[in-house]
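For reference, the structure discussed in these notes is given below.
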Amino acid sequence: MTTTLSSSTDNIDAAVEQRRNFAIISHPDAGKTTLTEKLLLYGGAIHEAGSVKARRAQRHAVSDWMELEQQRGISITSTVLQFTYSDYRINLLDTPGHQDFSEDTYRTLAAADNAVMLEDAAKGLEPQTRKLFEVCKMRGLPIFTFFNKLDRPGQEPLALLDEIEKELELFTYAVNWPIGMGDRFKGVFDRRKKQVHLFERSAHGSKAAAETILEWGDPRIEELIDDDEIYGQFLEELEMLDELGPELDLELVHAGEMTPVFFGSAMTNFGVELFLESFLDFALKPGPRESTVGMVPPTREEFSGFVFKLQANMDPRHRDRVAFVRVCSGRFEKDMVVNHARSGKNVRLSHPQKLFGQGRESLDAAYPGDVIGLNNPGVFAIGDTIYQGKKLEYEGIPFFSPELFAYLKNPNPSKFKQFRKGVTELREEGAVQIMYSADESKRDPILAAVGQLQFEVVQFRLKNEYNVDTMLDILPYSVARWVTGGWDALNDAGRLFNTVTVKDSYGRPVLLFRNEWNCQQVEGEHPKLALSKTAPVV
Ligand code: G4P
């Protein structure tokens, strides 16, 4: 992969036109690694299928920090993969899978312009996909749906669309439509180009399928499909879609209200290129972003960006931290001096890194839609804006509603200072949210996380970096809501049942509930009490 940009792109407008940036949201096992790998193959970013997985397996030697990943065989870090396809430069922001599910996964979506919702056609919508979808919806991201594993028996395609329409309240537009499924999977019909892509199973199952493309109306289609029942059903479904389904409306797609839908089989590489081509035609290019000085267009001449993730201690000898910055406007250049909005200080951006999987290459320039890794000598926090020119600040990244809570206890009083320092630093870094009981007599911090892994990371790092052993005392809550009107609103509401009040790290009231039902009960009984799933941005 090259790091220098050709002179033709050495211009911000052209660079923005070329860029498409997206994240894949899915539940574990839907095939995200497989799809990512196939996409990278098209972009020539890797040359062999299997390398993404291999990279995952290999990369333990990097640091102690990685020890946890290695022990668990998981990936903690969201990575950014850049590849080219035809004239496009594509940034794929990787969101980690489920055991490693944490707030990072949510935050990564703050840096994405588009989302690809990958579903296993046999399973339909799964819990993690729903959660991530909520964040995409909050951000109004365009969502593209890819139903995977068509080479295996799955649910009826119409039922899959129906589920999305009813449960996610999105219009669907099938860009391609499957012909059969499982053992009788024959291929897909591309409704844009009116072509049939035939799926050819190899002698060894479906691992190495080839593809024949025929124009609609070609008499060989029926003959090659060679299954009257499947062909008949396909024609009926197609007719129904054409007559009853909505037209593709790109405005709705860009507003996150209609999802273009694709069917395929990532493992056999079937339907992947078809998807990629349509995706690139339909996806949003890097656009303007809300800031304290109004919408900032990506073509603003001066550089600006924001930190959406911090990765700490990838190399423990240096206690380094990498701040992941999404470039929002202008051109980033190595060694440039920028303003750090929160502190008002100047910062030189030396040693920038281009991120590819775990490998880090040095980088000379980057444009809107790109992500850069900056060594962060304790300067940056999640949500920070850096800019040149007139002062501006992008909207911060909200705290997301945690679902797991535990008191964090330090059984050794002589370690109190390290404990407090560690907890404060990990909180600042965004590794976990910290809350405190509203009851002043309970002074242990409450860890509040969206994924179990965050607890493990905090305990592991307190031990490794601050030399403090800790214990967890799990709390029986799974739902948190910020009280929008603060303490006054809470006091006005009077007595609340089946909830406890805690304070977030800014001292704002948060209600914890055992379950959604209890939460709805309180909302029902106190209609004036406004509750929010995300914390107001500070
Ligand atoms: P993830 O990153 O979303 O967790 O999923 P991953 O790509 O690792 O895929 C999960 C499993 O699903 C893998 O099988 C993978 O081969 C399989 N898979 C992915 N796409 C398809 C597809 O289009 N068709 C079929 N039939 N299977 C698919 P595994 O047995 O867990 O791993 P492996 O031994 O195949 O590597």
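FYI, it's all coordinate maths here, none of it is from the lab. Keep in mind that what you see is a predicted model, and the values were worked out from it rather than measured. Note: ideal-geometry Cβ built from the backbone for every residue, glycine included; neighbour counts use all protein chains shown.
Which aspartates and glutamates does Lys345 reach when only Cα atoms under 18 Å apart count, and residues fewer than 8 places away in its own chain are ignored?
Here the aspartates and glutamates satisfying the reach criterion relative to Lys345 are Glu302, Asp335, Asp384, Glu393.
Set the bar at 27 Å for Cα to Cα. Now go through Lys32/Lys463; Lys131/Lys193; Lys417/Lys442; Lys131/Lys309 and name every pair that lies beyond it.
On the way: Lys32/Lys463 33 Å; Lys131/Lys193 34 Å; Lys417/Lys442 18 Å; Lys131/Lys309 19 Å.
Result: Lys32/Lys463; Lys131/Lys193 exceed 27 Å.
Give the order of Asp364, Asp488 when sorted by the count of other beta carbons within 10 angstrom, beginning with the fewest.
Neighbour counts put them in this order, fewest first: Asp488, Asp364.
Could you let me know the centre-to-centre spacing of segment 385-443 and segment 15-31, using Cα atoms, in angstrom?
29 Å
List the equivalent ellipsoid semi-axes of segment 93-173 in whole Å, largest first, each obtained as the square root of 5λ for an eigenvalue λ of the Cα gyration tensor.
Each semi-axis is √(5λ); the values are 22, 15, 10 Å.
State, as an integer percentage, the relative contact order of segment 152-262 based on alpha-carbon contacts under 8 Å between residues 6 or more apart.
Once normalised by length, the contact order is 28 percent.
Relative to the present Cα-Cα distance, how much length would full extension add between Glu156 and Leu235 at 0.36 nm per residue of separation?
Values: separation 79, 0.36 × 79 = 28.44 nm, distance 1.45 nm.
Stretched out fully, the Glu156 to Leu235 stretch lengthens by 27.0 nm.
For Glu290 and Ser532, calculate 0.36 nm times their separation in residues minus their Cα-Cα distance, and state this gained length in nm to one decimal. Present the calculation step by step, with values, prior to reporting the outcome.
On the way: separation 242, 0.36 × 242 = 87.12 nm, distance 2.10 nm.
85.0 nm is the gain from fully extending Glu290 to Ser532.
Can you return the aspartates and glutamates within cross-link range of Lys415? Criterion is Cα-Cα under 19 Å, with same-chain partners fewer than 8 residues away left out.
Cα-Cα hits under 19 Å: Glu425, Asp444, Glu465, Asp469, Asp473.
If you take the beta carbon distance between Glu525 and Lys166 as r and set R0 to 45 Å, what does 1/(1 + (r/R0)^6) give as a FRET efficiency, to the nearest 0.05? Don't skip to the answer; put the middle values down first.
On the way: r = 29 Å, r/R0 = 0.64.
Calculated value: 0.95.
Check cross-link reach from Lys38 to the lysines: straight Cα distance under 20 Å, and skip same-chain residues fewer than eight apart.
Within reach: Lys53, Lys149, Lys207.
If one computes P(r) from the Cα atoms of segment 150-285, what percent of pairs lie at distances over 21 Å?
Of the Cα pairs, 42 percent sit more than 21 Å apart.
Describe numerically, in nm with one decimal, the distance between label points set 7 Å from Cα along Cα→Cβ at Asp473 and at Ala14.
6.4 nm
Using 1/(1 + (r/R0)^6) with R0 = 22 angstrom and r between the beta carbons of Leu214 and Ser86, what's the FRET efficiency to the nearest 0.05?
Plugging the Cβ-Cβ distance into 1/(1 + (r/R0)^6) gives 0.40.
Beta carbons within 10 angstrom, averaged per residue: use that to sort the peptides 110-120, 128-138, 506-516, highest first.
The peptides rank, most packed first, as 110-120, 128-138, 506-516.
Given R₀ = 45 Å, FRET efficiency for Asp249-Asp439 by Cβ-Cβ distance, to 0.05?
According to the calculation, E is roughly 0.25.
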